[in-house]
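Undergrad: Have a look at this one before I ask anything.
Values in this text are rule-based calculations from the coordinates and carry no lab data. Bear in mind that the values here come from a model prediction, so they are computed numbers and not experimental data. Ideal geometry is used to build each Cβ from the backbone, glycine not excepted, and the neighbour counts take in all protein chains shown.
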Amino acid sequence: MNIDPAWLAPTSFLDYETPEVRDFVARAVGGAKTPKERAVRLYYAVRDGIRYDPYRFRIEPEWYRASHTIREGASYCVPKALLYAAGLRSLGIPARPGFADVKNHLATERLLALTGTDLFSWHGYVSLLLDGRWLKATPVFNIEMCERFQVLPLEFDGSEDSLMQPFDARNRRHMEYVRYHGEYDDLPYAEMAAEMHRAYPRLIAAAGGGSPGDFAAEAARENA
């Protein structure tokens with residue numbers, strides 16, 4: 001298989017040449033020897049080491065840089081996916097950020113009030129090349145968040161796709177993929193931002209003044 005150099009290159013968003021990303025990846029992979037082992041270890045470092053918080057949503061470009069996500073320590077699906085893709089590329093593993101529109105049936109009441117819909121546009125995941133096969137991986141919901149929502153943690157073994165489950169641990173609807181935008185060499189920022197401005201003006205306005213809520217507390221309260 002021919003490897004496109006773009007699948008391994010750093011970008012302004014996948015800025016894996018920065019000290020923050022290099023240190024994060026080095027700590028994550030440890031002594032892992034094979035590309036598969038490294039990809040799996042990095043997956044869990046991003047999934048659980050960067051807390052999922054949709055109220056960390058911002059529209060400014062700098063919030064989507066992998067190094068910024070590490071400094072924040074929490075973010076939503078797109079920056080977390082970009083961080084994973086950046087880390088994979090730094091390890092010589094071809095990776096492309098991918099995006100899809102999804103219905104999220106387990107959002108909190110406040111988040112739904114701010115978005116005005118349960119359709120979440122441009123949900124982020126990663127397409128990575130391992131052992132000659134493209135796989136999809138989604139290092140988004142950290143394990144503590146899964147426990148609050150009673151959702152089974154999304155695992156990744158480096159052999160099969162890791163996409164959001166259609167049902168949660170109590171067999172309730174969880175995630176539904178409505179439309180795939182595809183995989184890209186880099187974040188198509190202008191296209192994504194235009195859709196976010198159109199779809200979520202209230203969330204953007206609320207986030208502009210700081211975090212509009214405590215998502216973890218809301219999840220714990222509503223799922224008690």
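Undergrad: In percent, how large is the relative contact order of segment 5-222, given Cα pairs closer than 8 Å and 6 or more residues apart? Don't jump to the answer; show the numbers that get you there.
TA: Details: 409 pairs, mean separation 52.6, N = 218.
That works out to 24 percent.
Undergrad: Out of segment 113-198, which trypsin sites (Lys or Arg not before Pro) are coil in DSSP terms and have no more than 13 other C-beta atoms within 10 Å? Mind dumping the intermediate values first?
TA: Numbers: sites: 133, 136, 148, 170, 172, 173, 179, 198; in loops: 170, 172.
When the trypsin sites (Lys or Arg not before Pro) of segment 113-198 are filtered for loop state and at most 13 Cβ neighbours within 10 Å, 170, 172 remain.
Undergrad: I would also like to ask the following. Please name which of 158, 78, 14 has its Cα lying farthest along the dipole of the chain towards the positive end, using unit charges on Cβ (Lys, Arg +1; Asp, Glu -1) and the Cα centre as origin.
TA: 158
Undergrad: Tell me which lysines have Cα within less than 17 Å of residue 103's Cα, excluding those fewer than 8 residues away on the same chain?
TA: none
Undergrad: Separate question: Taking the Cβ of residue 184 as the centre, find all other residues whose Cβ is under 11 Å away and add up their charges (Lys, Arg: +1; Asp, Glu: -1). Walk me through the intermediate numbers first.
TA: Working: positive: 96; negative: 183, 185, 186, 191.
Cβ neighbours under 11 Å give a net charge of -3.
Undergrad: Give the longest segment of the chain that steers clear of GluC sites (Glu not before Pro) in DSSP loops with at most 14 neighbouring Cβ atoms within 10 Å, not counting the sites themselves.
TA: Of all site-free stretches, the longest is 18-154.
Undergrad: Can you sort 138, 115 by how many other beta carbons sit within 10 Å, fewest first? Please report the intermediate quantities before stating the final value.
TA: Working: 138 25, 115 19.
In order of increasing Cβ crowding within 10 Å: 115, 138.
Undergrad: If you don't mind, another one. Sorted from fewest to most neighbouring beta carbons within 10 Å, what does the list 181, 174, 197 look like? Show your work: numbers first, answer last.
TA: Details: 181 16, 174 22, 197 11.
Fewest-to-most ranking of 181, 174, 197: 197, 181, 174.
Undergrad: When a/c is below 1.5 the answer is rounded, else prolate if a/b is larger than b/c, else oblate, so apply that to segment 13-138 with a ≥ b ≥ c taken from the square roots of the Cα gyration tensor eigenvalues. Provide the component values of the computation, followed by the final result.
TA: Details: a/c = 2.16, a/b = 1.61, b/c = 1.34.
It comes out prolate by the Cα gyration axes.
Undergrad: Taking the chain as the reference, fit the longest principal axis to its C-alpha atoms, fit the long axis of helix 19-29 to the helix C-alpha atoms, and give the angle between the two in degrees, 0 to 90, nearest 10.
TA: 80 degrees
Undergrad: Under 8 Å for C-alpha pairs, at least 6 residues apart: give me the relative contact order for segment 36-87, rounded to a whole percent.
TA: Numbers: 53 pairs, mean separation 21.2, N = 52.
Normalised by residue count, the contact order of segment 36-87 is 41 percent.
Undergrad: In addition: Please turn the phi angles of segment 43-58 into ³J(HN,Hα) values with the Karplus equation 6.51 cos²θ - 1.76 cosθ + 1.60 (θ = phi - 60°), one per residue in order, whole Hz, x for glycine and proline.
TA: Once θ is set to phi - 60°, the couplings for segment 43-58 become 4, 6, 5, 6, 4, 9, x, 10, 5, 6, 8, x, 7, 7, 4, 9 Hz.
Undergrad: Here's another thing I want to ask about it. Based solely on its DSSP helices, what 222 nm [θ] is calculated for the chain when runs of n ≥ 4 H residues each add -39,500 (n - 2.57) and the sum is averaged over all residues, nearest 500 deg cm²/dmol? It would help to have the intermediate numbers written out before the result.
TA: Values: 9 runs with 88 residues, N = 224.
Using -39500 (n - 2.57) per qualifying helix, the result is -11500 deg cm²/dmol.
Undergrad: Rounded to the nearest 20 Debye, what is the dipole magnitude of segment 1-130 about its Cα centre when Lys and Arg each give +1 and Asp and Glu each give -1 at the C-beta?
TA: Numbers: 17 positive and 14 negative charges, 80 e Å.
Approximately 380 debye in magnitude.
Undergrad: Near residue 159, within a Cβ-to-Cβ distance under 13 Å, what is the net charge of the other residues, with Lys and Arg +1 and Asp and Glu -1? Could you put the intermediate results ahead of the total?
TA: Working: positive: 36, 133, 136; negative: 37, 131, 155, 157, 160, 161.
In short, -3.
Undergrad: Are there any trypsin sites (Lys or Arg not before Pro) in segment 1-67 that are in a DSSP loop and have at most 11 other Cβ atoms within 10 Å? List them by number. Mind dumping the intermediate values first?
TA: Values: sites: 22, 27, 33, 36, 38, 41, 47, 51, 56, 58, 65; in loops: 33, 58, 65.
Here the sparse-neighbourhood loop sites are 33.
Undergrad: Order of 43, 184 from fewest to most other C-beta atoms within 10 Å?
TA: On the way: 43 25, 184 16.
Listing 43, 184 from fewest to most nearby Cβ atoms yields 184, 43.
Undergrad: Classify segment 104-147 from the C-alpha gyration tensor, please: rounded if a/c falls under 1.5, else prolate or oblate depending on whether a/b exceeds b/c.
TA: On the way: a/c = 4.68, a/b = 2.05, b/c = 2.29.
It comes out oblate by the Cα gyration axes.
Undergrad: Compute the long axis of helix 77-90 from its Cα atoms, compare it with the longest principal axis of the Cα atoms of the chain, and write down the angle in degrees, 0 to 90, nearest 10.
TA: 10 degrees
Undergrad: Here's something else I'd like to know. Over what distance in Å are the Cα centres of segment 71-123 and segment 42-65 separated?
TA: 7 Å
Undergrad: If you place +1 on the Cβ of every Lys and Arg and -1 on the Cβ of every Asp and Glu, how big does the dipole about the Cα centre of segment 95-224 come out, in debye to the nearest 20? Display every interim value, and only then the final one.
TA: Working: 13 positive and 20 negative charges, 89 e Å.
So the dipole magnitude of segment 95-224 works out to roughly 420 debye.
Undergrad: Go through 194, 181, 129 and say which Cα lies farthest out towards the positive end of the charge dipole of the chain; charges sit on Cβ, +1 for Lys and Arg, -1 for Asp and Glu.
TA: Checking the options against the dipole of the chain, the answer is 129.
Undergrad: What is the magnitude of the charge dipole of the chain about its Cα centre, with +1 placed on the Cβ of each Lys and Arg, -1 on the Cβ of each Asp and Glu, and no other charges, expressed in debye to the nearest 20? Working shown, then result.
TA: Details: 27 positive and 31 negative charges, 44 e Å.
Using Cβ point charges on Lys, Arg, Asp and Glu, the chain gives about 220 debye.
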